[in-house]
Amino acid sequence: MNAPTTSHYPAAPTAQKQESHTLSVLVDNEPGVLARVIGLFAGRGYNIESLTVSETEHAKHLSLITIVTTGTPMVIEQIKNQLDRLVPVHRVVDMTLTGRSIERELAMVKVKGKGEQRVEALRLADAFRARVIDATTESFVFEITGKSDKIDQFVELMLPLGLVEVSRTGIAAIARGPEGMSAR
Amino acid sequence: MTEEMTGAEMVIRALADQNVRHLFGYPGGAVLPIYDAIFAQNSVQHVLVRHEQGAVHAAEGYARSTGKVGCVLVTSGPGATNAVTGLTDALCDSIPIVCITGQVPTHLIGNDAFQECDTVGITRPCTKHNYLVKRIEDLPRVLHEAFHIASTGRPGPVVVDIPKDIQFAKGVYSKPKDFPHTGYKPRLKGDIEKIKQAVELMANAKRPLFYTGGGVINSGKAASDLLRELVKLTGFPITSTLMGLGAFPAADPQWMGMLGMHGTLEANMAMHDCDVMICIGARFDDRITGRLDAFAPGSKKIHVDIDASSINKNVKVDVPIIGDCAHVLEDMVRLWRTGAKHPDKKTLGDWWKQIDKWRARKSLAYRQSGDIIKPQYAIQRLYELTKDRDCYITTEVGQHQMWAAQFYGFQEPNRWMTSGGLGTMGYGLPSSVGVQLAHPKSLVIDIAGEASVLMTMQELSTAVQYRLPIKIFILNNRYMGMVRQWQELLHGGRYSESYSEALPDFVKLAEAYHAHGIRCEKPGDLDRAIKEMIDVDKPVLFDCVVDPKENCFPMIPSGRAHNEMILGDAAESLDSAITEQGKVMV
């Protein structure tokens, strides 16, 4: 007989492939509902990459939470089931799995600079269809919307041109086609 | 029909309308209006415990032995925080509890007022759902919703936190009615296509087995009856988790005993070697599976559970069925009866022959010799002397709990109350208070360890106050036995802090509480002492002094596979037929 392990619990499973999924979670807009969702992620050790939440149907008191999370396929399935188990949660849709979703993010990017740098920043912003929403003689604030990787790329380009700070909303997602989330 | 009344009156009225007969609680500043409402009525009897943890455990015992919702009333701050262990215990074991907590008045919430705590924040992860009621208009709906959520789907504890000003406020009460909640809809019927797939798998099985759990008990008596019918129809062997004991009668020849870390050799070996596993209302807990990558490697797995998040959590299954056990079992029985194909008798016979070989190892064997009582012998005698009675068993947590599960034969559901998921020492005594209250004429025994029982010993006072003749049968080995066992096996025999230097004299302690004390130290005196315990019409503390060195076997060391069990000395000596290869496996 081999010497028993000293832990009370089975060894941690070997690393599996991690995937990133975008989940749309339709919830009752009541106090504490966000705390329940976030508490679930914190308590069970799931990752949150991005989180957006806002009321979407005022009359029905419904809010939509969009969460981008990473995990193995089994963990992602667990997350969806655990979310679905919360009493104020109406519906959980895995936007990545349906493959028919549109994802967008908005960012505001502040850049400080003079002379040629300033001109270059403005030129790139134009190429990325970012709008100028604030300007001083030595700075710009750009507003840019798009997929996250487009924003990542824009921010990277601004870095040598005097990037000061970035504020991003996180991802909002919606399914293509005529069907809505709450129609069930 | 609607009536105007105060929030406090609504609480009691809602309990009465939900057919609550007993309420376990402890008063305090923030629930005084509700205690005033209790004073003015007779439909709900309040049971005064000695500590809020005891209130929740008592409500759990009440709920588990009756299938009804257990109710608790505690005050704000320390009242609520003391209840947290019980709430977590109820969540882990899926026990329906409604716990009403008092809260400081709404205008003081967040001000660090006296006896204020963030009850909904603290209890969020340890309840199925919780509420803070800030408007009197919401109170009747929330109270009835709480009962609905606690008792349906996968049952669990629900907390309703009521500020003191809401208890005083007047509002319009409404009776329970249809539940309009749109987000909460537990699914009862299983997907019939999946059930057909499952029955097809079962019909073609060569080495099948049933692995059942607490879900069958929670689903009600009908589920246990249907399970018995299906097991008889199929002729398959059956094992169960700690939580599922009693759903299938232990006296039946198809019963293999409990499985898992301290399960029988036959149950664990059969799990390891089976080709079709039918899991009903169990959740592949780490105490059951052992090493995951070696868990039942060659098997197709069917999993029936009402909670979708239990499926594919630890173990990937082949046929997941989301639904209530009774509903799914009913479909399975029907499909099996009408199905043309059934397993080959010869193949199934070979499987049973293999199981009988494992059984012949007598993995639970022990030697009762000499002048000292073996704990297994004590449980066995207790079983023999109480089996023909209307008897309910609760336990604390540790070695005595495992011996009770191994040696006490449960024939019916709802007779076995133990803290399985959370493993709460101190669960058994208060739990037996709740059981005895629900079943005043029955024999209720808490099989205890001397360390566990001291954690909630004060509830003996509750038992005496309400004349509840519970029997606390302490297997006293002066150690935290399971801790000592792990230290012996895994930590080089360094018994760090697991020995109790100064234990009370339990007989005198019983007398101090106005209960009856018995001490038994010799195997020859045991039967007479147990009979005395049964006959005394009072709470009894039974100090059964047992062998302090005894370990609980068989045992799968954690992180090991089912076929890597350690057997006790007595079992090993019986295995003359075992090959060298077989010995390596043990």
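Residues that are within 11 Å of chain A (Cβ to nearest Cβ) and either part of a strand (DSSP E or B) or not polar (S, T, N, Q) (or both) within segment B:171-186 comprise B:His181, B:Gly183, B:Tyr184, B:Lys185, B:Pro186, listed in sequence order.
In segment A:130-147, how many residues are under 22 Å from A:Thr56 (Cα atoms) and small (Gly, Ala, Ser)?
1
Per this entry, B:Val319 is counted among residues that are crowded, with 20+ Cβ neighbours inside 10 Å and at negative phi. Take A:Ile79 and decide whether it is modelled with pLDDT of 95 or more, under 30 Å from A:Val164 (Cα atoms), surrounded by 16 or more Cβ atoms within 10 Å (Cβ to Cβ) and within 14 Å of another protein chain (Cβ to nearest Cβ). Against the criterion (modelled with pLDDT of 95 or more, under 30 Å from A:Val164 (Cα atoms), surrounded by 16 or more Cβ atoms within 10 Å (Cβ to Cβ) and within 14 Å of another protein chain (Cβ to nearest Cβ)), A:Ile79 does not qualify.
Listed here are the residues, each with its yes/no results for (1) modelled with pLDDT under 95; (2) more than 23 Å from B:Pro253 (Cα to Cα); (3) in a helix (DSSP H, G or I); (4) in the same structural domain as B:Leu230 (by TED's automatic domain parsing).
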{"residue": "B:Lys313", "(1), (2), (3), (4)": "yes, yes, no, yes"}
{"residue": "B:Val317", "(1), (2), (3), (4)": "no, yes, no, yes"}
{"residue": "B:Met332", "(1), (2), (3), (4)": "no, no, yes, yes"}
{"residue": "B:Lys341", "(1), (2), (3), (4)": "yes, yes, no, yes"}
{"residue": "B:Ser369", "(1), (2), (3), (4)": "yes, yes, no, no"}
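For segment B:504-513, the candidate set comprises residues that are within 29 Å of the chain's Cα centre (by Cα) and either surrounded by fewer than 15 Cβ atoms within 10 Å (Cβ to Cβ) or more than 13 Å from B:Ala451 (Cβ to Cβ) (or both); within that set, the residue that is nearest to the other protein chains (Cβ to nearest Cβ) is B:Leu509.
As for segment B:481-488, it holds at least one residue that is among the β-branched types (Val, Ile, Thr), buried (at least 16 other Cβ atoms within 10 Å of the Cβ) and within 14 Å of chain A (Cβ to nearest Cβ).
Pairing residues of segment B:473-502 that are more than 30 Å from B:Met533 (Cα to Cα) and at pLDDT 95 or above with residues that are among the aromatic types (Phe, Trp, Tyr) and part of a loop (DSSP other than H, G, I, E, B), at Cβ distances under 9 Å and at least 6 apart in sequence or on separate chains, gives no pairs at all. The set of residues in segment B:229-260 that are without any contact (Cβ under 8 Å) to a residue 24 or more places away in the chain and either buried (at least 21 other Cβ atoms within 10 Å of the Cβ) or outside any loop (DSSP other than H, G, I, E, B) (or both) comprises B:Val231, B:Lys232, B:Trp255. Within the option set B:Gly215, B:Gly190, B:Gly263, being among the small types (Gly, Ala, Ser), surrounded by 24 or more Cβ atoms within 10 Å (Cβ to Cβ) and assigned to a helix (DSSP H, G or I) holds for one residue only, B:Gly215.
Pairs meeting the criteria (first residue in segment B:314-332 and within 14 Å of chain A (Cβ to nearest Cβ), second residue in a loop (DSSP other than H, G, I, E, B), beta carbons under 6 Å, at least 6 apart or on different chains) are B:Asn314/B:Phe284; B:Val315/B:Phe284; B:Pro320/B:Ile311; B:Ile322/B:Arg187. Could you tell me whether any residue of segment A:105-112 is under 21 Å from the mean Cα position of the chain (by Cα) and either modelled with pLDDT under 95 or part of a helix (DSSP H, G or I) (or both)? Scanning segment A:105-112, I find no residue that is under 21 Å from the mean Cα position of the chain (by Cα) and either modelled with pLDDT under 95 or part of a helix (DSSP H, G or I) (or both), so the answer is no. When A:Glu77 is tested against (1) touching a residue at least 40 places away in the same chain (Cβ under 8 Å); (2) of a type in the set (D, E, K, R); (3) within 22 Å of A:Leu26 (Cβ to Cβ), exactly one condition is not met: (1). The residues of segment B:136-170 that are outside any helix (DSSP H, G or I) and charged (D, E, K, R), listed by number, are B:Arg154, B:Asp161, B:Lys170. Just checking, does segment B:303-312 include any residue being away from chain A (no Cβ under 14 Å) and crowded, with 21+ Cβ neighbours inside 10 Å? Yes, segment B:303-312 contains a residue that is away from chain A (no Cβ under 14 Å) and crowded, with 21+ Cβ neighbours inside 10 Å. You will find that of B:Thr123, B:Thr101, the residue that is touching a strand residue (DSSP E or B) at 6+ places or on another chain (Cβ under 8 Å), buried (at least 21 other Cβ atoms within 10 Å of the Cβ) and within 14 Å of chain A (Cβ to nearest Cβ) is B:Thr123 and no other. Determine whether B:Asp293 is within 14 Å of chain A (Cβ to nearest Cβ), surrounded by fewer than 24 Cβ atoms within 10 Å (Cβ to Cβ), part of a helix (DSSP H, G or I) and free of Cβ contacts under 8 Å to residues at least 12 places away in the same chain. Yes, satisfied. Look at segment B:261-290: where a residue is more than 12 Å from every other protein chain (Cβ to nearest Cβ) and a partner is part of a helix (DSSP H, G or I) and among the aromatic types (Phe, Trp, Tyr), sitting 6+ places away or on another chain with Cβ atoms under 7 Å, you get B:Leu265/B:Trp358; B:Glu266/B:Trp358; B:Met269/B:Trp358. Determine whether segment A:136-154 contains at least one residue that is aromatic (Phe, Trp, Tyr), out of contact with any Ser or Thr (no Cβ under 8 Å at 6 or more places or on another chain) and assigned to a helix (DSSP H, G or I). Scanning segment A:136-154, I find at least one residue that is aromatic (Phe, Trp, Tyr), out of contact with any Ser or Thr (no Cβ under 8 Å at 6 or more places or on another chain) and assigned to a helix (DSSP H, G or I), so the answer is yes.
With the condition kept exactly as written, say whether any residue in segment B:97-118 is in a helix (DSSP H, G or I) and closer than 21 Å to A:Gln82 by Cα. No.
The condition of being within 14 Å of chain B (Cβ to nearest Cβ) and surrounded by fewer than 16 Cβ atoms within 10 Å (Cβ to Cβ) holds for only one of A:His61, A:His90, that being A:His61. Taking segment A:18-36 as the range and being assigned to a helix (DSSP H, G or I) and more than 11 Å from every other protein chain (Cβ to nearest Cβ) as the test, only A:Leu34 passes. Applying the criterion of being of a type in the set (A, V, I, L, M) and more than 18 Å from the chain's Cα centre (by Cα) to the residues of segment A:139-180, the residue that is farthest from A:Leu106 (Cα to Cα) is A:Leu161. The C-beta contact set for segment B:559-571 (first residue crowded, with 18+ Cβ neighbours inside 10 Å, second residue assigned to a loop (DSSP other than H, G, I, E, B) and of a type in the set (Lys, Arg), distance under 7 angstrom, 6+ apart or interchain) comprises B:Gly559/B:Arg291; B:Arg560/B:Arg291; B:Ala561/B:Arg291; B:Ala571/B:Arg361; B:Ala571/B:Lys362. Among the residues of segment A:67-75, is there at least one that is under 26 Å from B:Gly156 (Cα atoms), within 14 Å of another protein chain (Cβ to nearest Cβ) and touching a helix residue (DSSP H, G or I) at 6+ places or on another chain (Cβ under 7 Å)? No, segment A:67-75 contains no residue that is under 26 Å from B:Gly156 (Cα atoms), within 14 Å of another protein chain (Cβ to nearest Cβ) and touching a helix residue (DSSP H, G or I) at 6+ places or on another chain (Cβ under 7 Å).
Name the residue that is surrounded by the fewest Cβ atoms within 10 Å (Cβ to Cβ), counting only residues in segment B:79-98 that are within 14 Å of another protein chain (Cβ to nearest Cβ) and among the hydroxyl-bearing types (Ser, Thr, Tyr). By that ranking, first place goes to B:Thr88. Is it the case that A:Gln117 is within 14 Å of another protein chain (Cβ to nearest Cβ) and in a helix (DSSP H, G or I)? When the stated conditions are applied, A:Gln117 does not pass them.
The values are calculated or read from the model by the stated rules, or taken from the named source; none is laboratory data. Keep in mind that this is a model prediction, so the values were computed, not measured. Because the Cβ atoms are built from the backbone with ideal geometry, glycine has one as well, and the counts that use them run over all protein chains shown.
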